[in-house]
Amino acid sequence: MPAKTGAQYRQGLREAKNNVYIHGERVDDPTTHPSFQNVVESMAGLYDLQHEKPEKMLYTSPTSGDKVGMTFLRPASIDDLVKRREAIQEWAKTSGGMMGRSPDYLNAEVMAMGVANDLFAEDDQMFADNARHYYEYARENDVSLTHTLIHPQVNRQKAQHEQKDANVALHLKEKRSDGIIVDGVRLLATQGGITDEILVFPSTVKPAGELDDPYSLAFVVKNNTPGLKFISRESFDYGKSEWDHPLSSRFEEGDAIVYFDNVFVPWDRVFVCGNSSICNRTFLETNAVVHMSHQVVAKNVVKTEFLLGTVLNLMDSIGIDGFQHVKDKGTEIMLTLETMKSHLFRAEHNAKLDKWGTMTPDFDALNAARNWYPRVYPRMVEILRILGASGLMGIPTEADFQHEELGPIVNRALQAKNLEGYERVQLFRLAWDLTLSSFGSRQMHYEYYFFGDPIKMGMSYFDAFDKEPYKAYVQDFLNQTTSSKPSYAKA
Ligand SMILES: Cc1cc2nc3c(=O)[nH]c(=O)nc-3n(C[C@H](O)[C@H](O)[C@H](O)COP(=O)(O)OP(=O)(O)OC[C@H]3O[C@@H](n4cnc5c(N)ncnc54)[C@H](O)[C@@H]3O)c2cc1C
């Protein structure tokens with residue numbers, strides 16, 4: 001099947017009758033449910049864009065010859081990497097980078113694991129074949145995916161098997177001739193309510209020991225599989241107009257707790273079955289983390305451009321752009337943008353073919369970017385908040401501007417240097433939705449945590465960093481000094 005259209009995506013969700021719950025109720029149809037319908041439209045827009053810009057968003061499938069989504073591409077050259085990145089950024093631009101889980105994120109993961117699948121064969125060749133077939137299936141059917149990596153937050157000082165209720169987390173319950181039975185809870189599935197299938201994979205940063213083998217799983221099931229439940233958090237799309245809530249009304253992806261109640265997974269959808277050693281190595285040895293990071297950094301360049309554009313318009317609108325500290329704050333965001341672009345350029349232009357023949361970006365560059373961005377995103381949001389000041393609270397709604405008596409008052413009261421009140425409040429409402437709304441706060445939380453705990457990621461980064469050359473450089477420098485050692489110093 002060629003790449004999906006928006007209509008096919010909507011139809012798929014409608015027919016699937018996924019197991020989605022929100023606010024204590026089962027969602028019959030996410031395409032019309034108030035908590036999901038707007039983000040479903042945004043997702044549908046992404047799928048339609050594939051057909052509106054086929055030269056950028058599609059390529060010819062190596063198996064079927066159909067035109068399939070560019071974000072499933074297995075890059076074979078630097079040109080391919082650039083093409084994939086342009087498609088990622090084309091999608092990201094539609095939301096200012098606010099949809100962290102547009103389908104490209106997991107399309108890159110499925111591609112990497114499908115191609116670099118030797119690791120899964122350590123247990124059984126079938127698992128490697130499954131990963132390859134799943135990549136082809138997902139690409140040919142343009143499957144939209146959510147995923148879940150972590151165990152419930154009960155007692156982080158203990159391993160999973162030591163928890164007081166060890167079976168609360170998703171675990172292997174039974175192996176059968178036709179598949180496995182799994183049971184328990186996993187966190188946290190962004191877009192859980194609006195996708196076709198769910199990938200269950202190990203954590204990217206929390207290694208498990210052998211006693212945690214029963215929890216060490218990788219598989220994929222359809223979201224309407226019997227026994228599965230997506231329990232969504234409350235929605236931050238409050239049904240307001242796009243003018244009032246320019247981001248929350250369109251890009252609220254939702255996050256869900258996922259409960260597997262004795263769910264059956266057929267063998268052909270299992271990649272790792274009860275093997276912590278394979279799970280611990282999955283993201284690195286398949287290069288999935290590299291290809292996913294390529295998507296993340298490409299998307300975050302667009303997100304930073306969007307933030308910068310908002311900050312610059314805001315400065316300009318109220319005449320603060322000439323003040324020294326204001327310029328300095330703008331510069332901070334500009335430097336972030338340019339640094340992210342440089343990381344991306346280096347990642348693509350230092351790319352190398354891996355042992356499977358996939359052109360793989362330079363992970364040093366992407367790893368630095370993915371470890372750094374969670375630390376600077378909150379600062380950029382803070383800058384927007386500081387510069388917006390009271391203007392982020394003086395934001396009447398569209399209804400106030402439409403009101404016969406109030407409209408002219410707020411239009412005059414909230415005028416800016418070169419803008420009418422109506423135009424200025426529209427801009428400030430955007431800044432508010434990026435910073436102070438529930439949606440904006442969640443964006444900050446998302447950027448901080450979505451790839452894993454940044455503290456643990458930073459520790460792994462430190463441990464893996466090749467420190468010796470720098471230590472040796474300075475030791476050599478010190479050794480060159482001419483002064484002789486005092487007699488009391490050891491030889
Ligand atoms: C908005 C949002 C969307 C997300 N979407 C997804 C998704 O789609 N799919 C998915 O799988 N996951 C998703 N996640 C989850 C994400 O992967 C986790 O938040 C992340 O891995 C951190 O794990 P945790 O939340 O369990 O935090 P914890 O590991 O419980 O950490 C909590 C705090 O305790 C500290 N801490 C915990 N253990 C230690 C330790 N051993 N040593 C030192 N400090 C420690 C941490 O530094 C942190 O400050 C999402 C998270 C957010 C916030």
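Going residue by residue through segment 462-474, is there one that turns out to be within 28 Å of Gly319 (Cβ to Cβ) and of a type in the set (Lys, Arg)?
No, the conditions are met nowhere in segment 462-474.
For segment 153-206, what are the residues that are β-branched (Val, Ile, Thr) and within 13 Å of the ligand (Cβ to nearest atom)?
Hits for segment 153-206 are Val154, Val185, Thr190, Ile194, Thr195, Ile198, Val200, Thr204, Val205.
Among the residues of segment 86-127, what is the count of those that are away from the ligand (no atom under 16 Å from the Cβ) and touching a His at 6+ places or on another chain (Cβ under 7 Å)?
Going through segment 86-127 one residue at a time, the tally reaches 2.
Can you pull out every residue in segment 177-201 that is assigned to a loop (DSSP other than H, G, I, E, B), touching a residue at least 24 places away in the same chain (Cβ under 8 Å) and open to solvent by 20 Å² or more (accessible area, probe 1.4 Å)?
Those that are assigned to a loop (DSSP other than H, G, I, E, B), touching a residue at least 24 places away in the same chain (Cβ under 8 Å) and open to solvent by 20 Å² or more (accessible area, probe 1.4 Å): Asp178, Asp196.
Residues in segment 401-447 that are assigned to a loop (DSSP other than H, G, I, E, B), more than 16 Å from the ligand (Cβ to nearest atom) and open to solvent by less than 70 Å² (accessible area, probe 1.4 Å): how many?
Number of matching residues: 3.
Can you tell me how many residues within segment 306-342 are open to solvent by 30 Å² or more (accessible area, probe 1.4 Å) and either free of Cβ contacts under 8 Å to residues at least 40 places away in the same chain or not assigned by TED's automatic domain parsing to the domain that holds Ala416 (or both)?
Residues meeting the conditions: 14.
Quick check on my filter: what residues within segment 455-474 are open to solvent by 80 Å² or more (accessible area, probe 1.4 Å), outside any loop (DSSP other than H, G, I, E, B) and away from the ligand (no atom under 13 Å from the Cβ)?
Within segment 455-474, Phe462, Asp463, Ala464, Glu468, Tyr470, Lys471, Tyr473 qualify.
Would you mind stating whether Phe271 is crowded, with 24+ Cβ neighbours inside 10 Å, under 23 Å from the mean Cα position of the chain (by Cα) and aromatic (Phe, Trp, Tyr)?
Yes: the conditions hold for Phe271.
Among the residues that make up segment 347-364, is at least one of them assigned to a helix (DSSP H, G or I) and hydroxyl-bearing (Ser, Thr, Tyr)?
No: segment 347-364 contains no residue that is assigned to a helix (DSSP H, G or I) and hydroxyl-bearing (Ser, Thr, Tyr).
From Asn262, Asn287, grab the single residue that is in contact with an Asp or Glu (Cβ under 7 Å, 6 or more places away or on another chain) and buried (at least 18 other Cβ atoms within 10 Å of the Cβ).
Going through Asn262, Asn287 in turn, just one is in contact with an Asp or Glu (Cβ under 7 Å, 6 or more places away or on another chain) and buried (at least 18 other Cβ atoms within 10 Å of the Cβ): Asn287.
Would you confirm, using the coordinates I've provided, whether Ile231 is surrounded by 16 or more Cβ atoms within 10 Å (Cβ to Cβ), more than 20 Å from the chain's Cα centre (by Cα) and outside any loop (DSSP other than H, G, I, E, B)?
No, not satisfied.
Which of (1) more than 16 Å from the ligand (Cβ to nearest atom); (2) on the phi > 0 side of the Ramachandran plot does Gly452 not meet, given it meets every other one?
(1)
The values are calculated or read from the model by the stated rules, or taken from the named source; none is laboratory data. Being a predicted model, the structure only gives us computed values, none of them experimental. Every residue, glycine as well, gets a Cβ built from its backbone with ideal geometry; the counts of neighbours run over all protein chains shown. For the accessible areas, the whole protein counts, side chains as well, though only heavy atoms, and no ligand, DNA or RNA atoms are used. Shrake-Rupley method; radii C 1.70, N 1.55, O 1.52, S 1.80 Å.
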